[in-house]
Amino acid sequence: MKKLDKILLGHNPLFGVDHLSQAQGNAKDQKFENKNALTDILRYAHSKGVKAMMMSTHPRAQVILDIIEKDPVLKDDFTVYPLLPYVVKYVRASNEKGMFNVVKDLLGQAGTGGSLSMFMSGLSSLVGGNLYKTIKILIDIEMLPFKNHKLGAVFMHDGLVDLALGLGCDEAFDVFRDHIEKKYSVPGGLITKNVPMLVDTLDARGWEEYLIMAAFNKTGFYINPSLELTEKTLKKPGMNFIPMSTLAAGAIPPQEAFEYIGQFPEVKSVVVGMSKKSHIDQTVDLINQNIR
Amino acid sequence: MKQEKLKIGIIGLGRMGLVHAAIFNSLPESEVVAVVDPALFPAKPLQMMNPKIKVFKSIDKMLKKMHIDGVLIASPVGFHIENALECVRNNIPFLMEKPLALNAEQAQPLIDELKKNPVPNMIGYMARNIDSFQEGKKIIDSGALGKIINVKGTVYVSQLFKQGKGWRYDPKISGGGVLESQGSHLLDLLYWYFGPVKKVNADILSVYSKGIEDFSHVVMDFESGLKGWIDASWSVRFKRKMELKIDILGENGNLAISDDSVDLFLDSPVGDYKKGKTYLSANELFSGVHIDISGAKFTYQDQEFIRAIMEKDSTSPSIHDGFHIQKIVDSCYESASNDGAPVFIK
């Protein structure tokens, strides 16, 4: 697998999401409504060697993508790792108008952002029951905002990965990975809350190499079914693992957190949310000391 | 010999139907063999990707064609009772998404049928399975707080800032607004903690919705003599996810429970609980589950239902518990329509 950036800036703080405290998330959300604050933090991160960011198609992603595209330094030297789809948006919409209409409306967006043929092809595959073709077109529609950007890898959101995993729809993982690799020439990765179960499923499908992103920290926070089993799974041959929630939502001091992560040579990249310059300074130093 | 897995049927393949289907299909003791949904999407694509799952247009057709050990009912609220009655008449255990029904009157035939044929049954008030609220229950039951003086609860989410679309916002199918939808989680937690409610005074307000409430405030008297109030709205800002909070004032201290923390203060130590402040964060409360899809609370809930089927046992919370919550909600609407006059739970 191609080498990925060592440090990926996480999108949550910049999008106002804090899994431990909605109040803190809201404070960050208000701060980064200001485009200058976003530009400032992206440029600072870049100056410290953080030249990549993971992001979903949250409404604020477009603002960030515009900043990167127009910035004289960032535009040629910043890699984006899209995360598809932005599940919250679809959950809200499908509660209102049903899932079929959500997919139909989404295909309609291709008419404006993509091309008429994409829309027609998507609609005919949806109506005709060509499921995998529909999935590929939906991926392409979600990828439209990223078309002028340098890509590192593309990830499927855990909301969808874990649903497909539980429902036994695991062929969707092959379809996703193969389409991303073929069309976008980057690895297709999976985000999950259930690493051991996912890897067992991929093994049964004959996968020999995996790109997986998941919560990983020494306290076992957000890790299912157990830290012990997840550690064991990480050591499998062919594993490319990107940890997130490394600080366990602030419960582990950064030094301790990255020393722990550093014990796993399978970890070559890490995703970490950073919204303050002092935090960037400290985190970058610690990651460079502990992850080779 | 390896024991055969319990065969689960899913009624209604909306978001909650999908989440439960994914959990039941991956638990070691169960598998999903059928889904019932009159809409072809997403049922047909699901069947294409997992051919072991058969799709039916009605519960009746599913039960005629398949052997089913348990059913998950996640249809729109207005259809809950007819689906559940079909299960009871066929001796099939069921787990029903909350709330129980459009109103208690609609639910009465199910209660009567269950008295005659008490198949394992459960209602989906999943907040009981959130780690922090479980811990809260232990503290309250320990008596550490001393005599409870009063209790207040809030539930807020940023969901609706214009007229909503879909069945949730149509009172003929949903039965009500935020009080019936999210407020009932809070009512269930307080009922679980402090027992049945005797009387309510309620006030509701519709700002964005027609015929259902966006804001509700309820003053309640429990049968135990305890008094409390709740406030619920789906139209407050900066609540990305539903946020439940309960504050309890006791003679020996305070307890504040939220979705991801437990904050206890005691004047004097009681049993394992020390004097002063004890704070448990999401991190300390977390424990891994077999599979996490949209939160461990749903996994715990589905495991409890599987246990009830295997042991032919009752569950927490049962349909009977859901019936009490439904009567509280109905009484709140009655009170609100009479300018907040007190209404006794029948």
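Per-structure values
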| read-out | value |
| --- | --- |
| Subset of the range B:221-255 (residues that are free of Cβ contacts under 8 Å to residues at least 60 places away in the same chain and either outside any strand (DSSP E or B) or within 14 Å of chain A (Cβ to nearest Cβ) (or both)) | B:223, B:224, B:225 |
| Residue check, residue B:213 more than 20 Å from residue B:346 (Cβ to Cβ), within 14 Å of chain A (Cβ to nearest Cβ) and crowded, with 18+ Cβ neighbours inside 10 Å | no |
| Helices (runs of 4 or more DSSP H) fully within the range A:41-134 counting 1 or more residues that are in contact with a strand residue (DSSP E or B) (Cβ under 6 Å, 6 or more places away or on another chain) and either more than 14 Å from chain B (Cβ to nearest Cβ) or at pLDDT 90 or above (or both) | A:59-70 |
| The range B:261-284: number of residues that are more than 10 Å from chain A (Cβ to nearest Cβ), touching a residue at least 24 places away in the same chain (Cβ under 8 Å) and within 30 Å of residue A:231 (Cβ to Cβ) | 2 |
| Subset tally (residues that are surrounded by 21 or more Cβ atoms within 10 Å (Cβ to Cβ), of a type in the set (Ser, Thr, Tyr) and part of a helix (DSSP H, G or I)) for the range A:252-292 | 1 |
| Residue that is farthest from residue B:280 (Cα to Cα) [pool: residues in the range B:137-165 that are without any contact (Cβ under 8 Å) to a residue 40 or more places away in the chain and part of a helix (DSSP H, G or I)] | B:141 |
| Enumeration of residues in the range B:37-51 that are at the interface with another protein chain (Cβ under 9 Å from one of its Cβ atoms) and in a helix (DSSP H, G or I) | B:44, B:45, B:46, B:48, B:49 |
| Residues satisfying the stated conditions in the range B:303-346, i.e. crowded, with 18+ Cβ neighbours inside 10 Å and either over 25 Å from residue B:196 (Cα atoms) or at pLDDT below 95 (or both) | B:303, B:306, B:309, B:315 |
| The range A:172-184, subset touching a residue at least 12 places away in the same chain (Cβ under 8 Å) and more than 16 Å from the chain's Cα centre (by Cα), residue farthest from the other protein chains (Cβ to nearest Cβ) | A:183 |
| Residue list for the range B:10-36, filter: in contact (Cβ under 8 Å) with a residue 40 or more places away in the chain, at the interface with another protein chain (Cβ under 9 Å from one of its Cβ atoms) and assigned to a helix (DSSP H, G or I) | B:19, B:21, B:22, B:23, B:24, B:26 |
| Subset of the range B:169-186 that is within 14 Å of another protein chain (Cβ to nearest Cβ), touching a Leu at 6+ places or on another chain (Cβ under 9 Å) and in contact (Cβ under 8 Å) with a residue 60 or more places away in the chain - its residue that is farthest from residue B:213 (Cα to Cα) | B:173 |
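The values are calculated or read from the model by the stated rules, or taken from the named source; none is laboratory data. Quick caveat: nothing in here was measured; it's all calculated off a predicted structure. So basically every Cβ, Gly included, is an ideal-geometry build from the backbone, and we count neighbours across all protein chains shown.
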